[in-house]
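Written below as structure tokens is the structure these notes are about.
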Amino acid sequence: MTTPPPTADGSAPATADGSAPAWLPDEETLSRLAGEFFRALPGQPTDMDMDMAAPVPDGHPQGLPGQSEWPAPTGLPVQSEWPVPTGLPAADPPPPAPTAGMSPPSGPPPTSAPATFAASAPGLAGPAPEVPAPPVAPGPPPVAPSSAPARLVDPGAYYFLTEAPGYPAQPPELPGFGHLGLPPLPPLFEPEPPTAAATTAPYYFLQGPGVPGVSEAPGSPVGLLLDPHPAFDVRAVRRDFPILSELVNGRPLIWLDNAATTQKPQAVIDRLVEFYSRENSNIHRAAHELAARATDAYEGARKTVARFVGAGSAEEIVFVRGTTEAINLVAKAWGPGHLRAGDEIVLSHLEHHANIVPWQMLAQQTGAVIKVIPVDDDGQVLLDEYTKLLSDRTRLVAVTQLSNALGTVVPVEQIIEIGHRAGARVLVDAAQSVPHLTVDVTALDADFLVFSGHKLFGPTGIGVLYAKREILEDMPPWEGGGNMITDVTFERSGYQPPPGRFEAGTGNIADAVGLAAAIDYVERIGLPNIAAYEHTLLEHATEGLRGVPGLRLIGTAPDKASIASFVLDGYEPAEVGTALNEEGIAVRSGHHCAQPILRRYGLEATVRPSFAFYNTHEEVDTLITAVHRLATRRGGHH
């Protein structure tokens, strides 16, 4: 057979009527050549093998079970029908045999491989019939005889997505799914007549008041807004925190030191990596691309924080290193211009050292006097006593919203209102509260509010001072340097308006961006969801620890969050902390930078487990069991 050369334009010559030229090989010749080619590929049976596999009278090779006219892939059992996925009806006939250039699989395919794989796997066993030439144009798929069993029309690329026995096209309806096991909720409006297809109610947490079909939890106050976020799933949340898979002393880490610092979700870690990989630059003072990216990210973080705390504008947000620095900024920039000898600063007995020491330093500088709001035996602030402390000399009230030592939630709304009636400014230390409670500075009418990023699942070294715009504008800078100036000569310097006036030098740009990512993460889960779940953890821990012989809970106010401090007879708090660490349980033991309140109870230290939304009830049980063992061990020694 000869092949004439191509024409001048590179195309093969054709006959006048458009049919195939006479020199082209016929279909039988093409089939024979193709069969010889595939038999010559490595791994294919030789002529000797073909002779040994001569057909017997029934038409099947010797020593092999019967098979259809198509050979089976190497490593698969030979079947009389095309192999199909387990649980699926037989598929349509396979495509033509593989073409040259395909690589064989690295190992035998699974016996439940789809028919398309079985038909196209190279390395065919048994006699290889001559492959028929592929048609010039694909025709319609063959129609199965009416007596043939039902088959899928086309399993597609993902055969398991088609409707087949055992694989319903629609997910099954789960009674009560999405209702968290609660009893049926009474509708606020007459429900629409049910349709035949609707057997379950819509997810109540995806609705809002004023929409037909909205329900409220039994016993909830009228008009209570239901959380619009998805139902809380602690298992899914835990997968977002890589450190929670760590082992400590051969046991899974149980992180119950959240009041000291929280762990970081992968979203925050990834955001920091992205910043340093694609945006890293100093901000504001450059015309290049990375400076623009970094500036946008930093100022975008400021807007995120402003939204999170309900500030009137981003200009009321100052980035600092943390809560401690924020309080010191107010004490040094606002304090000297507003306090004189004999003026009063009112604090509560619950305060962290960071909300005591800066005011003591200011009092020493100005001659001001510090007064303390007492608490009762449960750890609740005595509002009547607070009111008695105020006078026309009271210039500042500084209180925590949530005690870091006891977990008491302080009624800052009332404290702010009473303080304002006396003419005082009010600062709220929200370091412990922002991870657990919704904070709205506008609704509170707080003059100052401070918190740290690392207690809000964000990076360390970043914090926030919120202050009302008119207060910030009246405050002089507290540090000098670059970034906070408008103009500098050797005679004088001009300063930026807030907040830049209070952010001298290169700030913690990346961690501000990381803080915004942490806030976004918390908001996606929803603080109402977080607070509700954490409340169950605290109740569980409180009841379980209360049953331990010789254990005394410190701080038993009815309104608490996150923290369950205690002491155990026969042990120093540090000994309990060390023993729990052997079980993989991380708790804080010591004075928690809150010595005045612990001494109110005659103590120098406590053991302080503190909870976050990634903790589980199983972890609480492990804590309770470990403390019970310690108590039993102590009992055996006496």
Report summary line: Taking the range 574-605 and keeping residues aliphatic (A, V, I, L, M), crowded, with 16+ Cβ neighbours inside 10 Å, farther than 14 Å from residue 256 by Cβ and without any contact (Cβ under 8 Å) to a residue 60 or more places away in the chain leaves 603, 605
Requested in this report: Considering only the range 308-394, give the helices (runs of 4 or more DSSP H) lying wholly within it that have at least 3 residues that are surrounded by fewer than 20 Cβ atoms within 10 Å (Cβ to Cβ).
Outcome: 357-366, 383-389
Query raised in the report: What are the residue pairs meeting all of these: first residue in the range 412-441, first residue over 14 Å from residue 401 (Cβ atoms) and modelled with pLDDT of 95 or more, second residue assigned to a helix (DSSP H, G or I) and of a type in the set (S, T, N, Q), Cβ atoms under 8 Å, and 6 or more apart or on different chains?
Result: 418/387
**Report entry** Residues that are over 9 Å from residue 626 (Cβ atoms) and over 29 Å from the mean Cα position of the chain (by Cα), drawn from the range 578-590
**Finding:** 578, 590
Query raised in the report: Residues in the range 485-521 that are outside any strand (DSSP E or B), surrounded by fewer than 20 Cβ atoms within 10 Å (Cβ to Cβ) and hydrophobic (A, V, I, L, M, F, W, C): how many?
Result: 2
Query raised in the report: What tally of residues in the range 257-307 results from selecting those that are among the aliphatic types (A, V, I, L, M), buried (at least 16 other Cβ atoms within 10 Å of the Cβ) and not in a helix (DSSP H, G or I)?
Result: 3
Query raised in the report: In the range 442-468, what count of residues is obtained for those that are within 26 Å of the chain's Cα centre (by Cα) and in a helix (DSSP H, G or I)?
Result: 3
Report task. Working only within the range 510-562, note down all residues that are farther than 22 Å from residue 380 by Cβ and basic (Lys, Arg). Result -> 524
Query raised in the report: Which number in (1) under 23 Å from residue 357 (Cβ atoms); (2) outside any helix (DSSP H, G or I) marks the one condition that residue 597 misses?
Result: (2)
Query raised in the report: Given the conditions (1) at pLDDT 95 or above; (2) surrounded by fewer than 18 Cβ atoms within 10 Å (Cβ to Cβ), and given that residue 611 satisfies all but one, which numbered condition is not satisfied?
Result: (2)
Query raised in the report: How many residues are polar (S, T, N, Q), touching a strand residue (DSSP E or B) at 6+ places or on another chain (Cβ under 7 Å) and in a loop (DSSP other than H, G, I, E, B) if we restrict to the range 395-416?
Result: 1
Report summary line: Of (1) assigned to a strand (DSSP E or B); (2) closer than 23 Å to residue 595 by Cα, residue 432 fails just (1)
Query raised in the report: Within the set of pairs 6+ apart or on separate chains, which have a first residue in the range 606-630 that is in the same structural domain as residue 579 (by TED's automatic domain parsing), a second that is of a type in the set (Ser, Thr, Tyr) and part of a helix (DSSP H, G or I), and C-beta atoms under 6 Å apart?
Result: 613/533
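The values are calculated or read from the model by the stated rules, or taken from the named source; none is laboratory data. As the structure is a computational prediction, the values presented were derived from the model and not from experiment. Cβ sites come from the backbone with ideal geometry, for glycine too, and all protein chains shown count toward neighbours.
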